[in-house]
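Data block below; observations after.
The values are calculated or read from the model by the stated rules, or taken from the named source; none is laboratory data. Note that the structure is a prediction, hence the values are computed from the model and not measured. In this analysis, Cβ positions are derived from the backbone assuming ideal geometry, glycine residues included, and neighbour counts consider all displayed protein chains. What goes into the accessible areas is simple: the full protein's heavy atoms, side chains included, and nothing from ligands, DNA or RNA. Shrake-Rupley method; radii C 1.70, N 1.55, O 1.52, S 1.80 Å.
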Amino acid sequence: KRLENGARLVYEKVGEHIFAEDGKEMEEVVADLLTEKRKTVAVAESCTGGLLANKLTNISGSSSYFDRGIVSYSNAAKMENLNVPEESLKQFGAVSSETAIAMANGIRTIAGSDFALSTTGIAGPTGGTESKPVGLVYIGVASEKGAYSKKYIFFKDRLANKERTVQAALDLLRKELLIKPRS
């Protein structure tokens, strides 16, 4: 009974952050949700360099929900492959909320997928500035409901930043998939 009460308290405090109780990895949980809901996803990556697409396709049967991924590291690639406006890149920079949203919208439009994720940031350990430090990341999410981005500031470790960005992106998609549609 004490254990049940303890579990209930944990769920009351941090329940939205619990993604599995059975040892599943985040990408497995997301894959199950995408499959169950018959939804598709496409990704546009910059700072994660293809790691997000890799995680999503590590699951057997991923071709039923994963449409495509584009690694658009340069500004030219963002404009040419994702239709990110040059003016936006000049005004806000490649690492910005506006660019993350434009990347997500771009890949969703190109793929015709239900959902799209994008990643743009400064993985490090070099490249940061005072206003845009190493570890700064924006993740974009696009769906039929619209698009938004979320800002994160991680650490100075490049590989850890890439891993954390992918986990955060998958978690944002997981939460989107759990939202009940309006009737």
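Could you please find all residues in segment 168-183 being surrounded by 15 or more Cβ atoms within 10 Å (Cβ to Cβ) and either without any contact (Cβ under 8 Å) to a residue 12 or more places away in the chain or over 19 Å from residue 39 (Cα atoms) (or both)? Listed by number, the list holds a single entry, 168. Taking the criterion of being over 20 Å from the mean Cα position of the chain (by Cα) and of a type in the set (D, E, K, R), the residues of segment 72-100 that qualify are 80, 86, 87, 90. Residue check: is residue 138 assigned to a strand (DSSP E or B), of a type outside the set (Val, Ile, Thr), more than 17 Å from residue 46 (Cβ to Cβ) and modelled with pLDDT of 95 or more? It is false that residue 138 is assigned to a strand (DSSP E or B), of a type outside the set (Val, Ile, Thr), more than 17 Å from residue 46 (Cβ to Cβ) and modelled with pLDDT of 95 or more.
Taking (1) under 17 Å from residue 55 (Cβ atoms); (2) among the hydrophobic types (A, V, I, L, M, F, W, C); (3) crowded, with 17+ Cβ neighbours inside 10 Å in turn, residue 111 satisfies each apart from (1).
From 60, 64, grab the single residue that is over 19 Å from residue 172 (Cβ atoms), touching a helix residue (DSSP H, G or I) at 6+ places or on another chain (Cβ under 8 Å) and either open to solvent by 70 Å² or more (accessible area, probe 1.4 Å) or in contact (Cβ under 8 Å) with a residue 40 or more places away in the chain (or both). Every option except 64 fails the conditions. Where helices (runs of 4 or more DSSP H) fall entirely within segment 1-87, those with at least 1 residues that are of a type in the set (Phe, Trp, Tyr) and at pLDDT below 95 are at 2-14.
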